[in-house]
Amino acid sequence: MRLATFNLLHGRSLSDGQVDVPRLREAVAALDADVLGMQEVDRAQPRSARRDLTAEAAAAMGGAGRFAPAMMGTPGERWRPARDGDAARVDEPSYGVALITRL
């Protein structure tokens, strides 16, 4: 079994600071992990084109993922700590961690 962890940095590339979902998917696939833990994961954030980065990474792995928000809202603007039940709020901007498996 191959385990990996990945700090997504909100989906931004270290080389140019851009959120490039195909490039993110390539990076996740290149890890060839069976289980992937991710930190600094955006969901529905303006800075990452409102994409669900957990879903994008899970698709790249051919697996299923689970996102757990740490905060709801947009960092640097209006936000609040996440509460029970917030993981189901898929259209509200959030930020947190994720676990993906292809097993």
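Checking each residue in region 47-88 for being surrounded by 15 or more Cβ atoms within 10 Å (Cβ to Cβ), out of contact with any helix residue (DSSP H, G or I) (no Cβ under 8 Å at 6 or more places or on another chain) and of a type in the set (D, E, K, R) picks out ASP52, ASP86.
Just to be sure before I move on: is VAL41 open to solvent by less than 30 Å² (accessible area, probe 1.4 Å), touching a residue at least 24 places away in the same chain (Cβ under 8 Å) and over 12 Å from SER94 (Cβ atoms) in the structure I sent? Give the derivation first.
Working: open to solvent by less than 30 Å² (accessible area, probe 1.4 Å): yes; touching a residue at least 24 places away in the same chain (Cβ under 8 Å): yes; over 12 Å from SER94 (Cβ atoms): no.
Considered against the rule, which asks whether it is open to solvent by less than 30 Å² (accessible area, probe 1.4 Å), touching a residue at least 24 places away in the same chain (Cβ under 8 Å) and over 12 Å from SER94 (Cβ atoms), VAL41 comes out as no.
When you look at VAL28, is it aliphatic (A, V, I, L, M) and in a strand (DSSP E or B), yes or no?
Numbers: aliphatic (A, V, I, L, M): yes; in a strand (DSSP E or B): no.
Judged against the criteria, VAL28 is not a match.
The strands (runs of 3 or more DSSP E) found wholly in region 42-103 and carrying at least 3 residues that are within 19 Å of ARG25 (Cα to Cα) occupy 64-73, 94-101.
The values are calculated or read from the model by the stated rules, or taken from the named source; none is laboratory data. Note that this is a predicted model, so its numbers are computed, not measured. Every residue, glycine among them, receives a Cβ derived from its backbone with ideal geometry; neighbour counts consider all protein chains shown. Note: areas computed on protein heavy atoms with side chains; ligands, DNA, RNA excluded. Shrake-Rupley method; radii C 1.70, N 1.55, O 1.52, S 1.80 Å.
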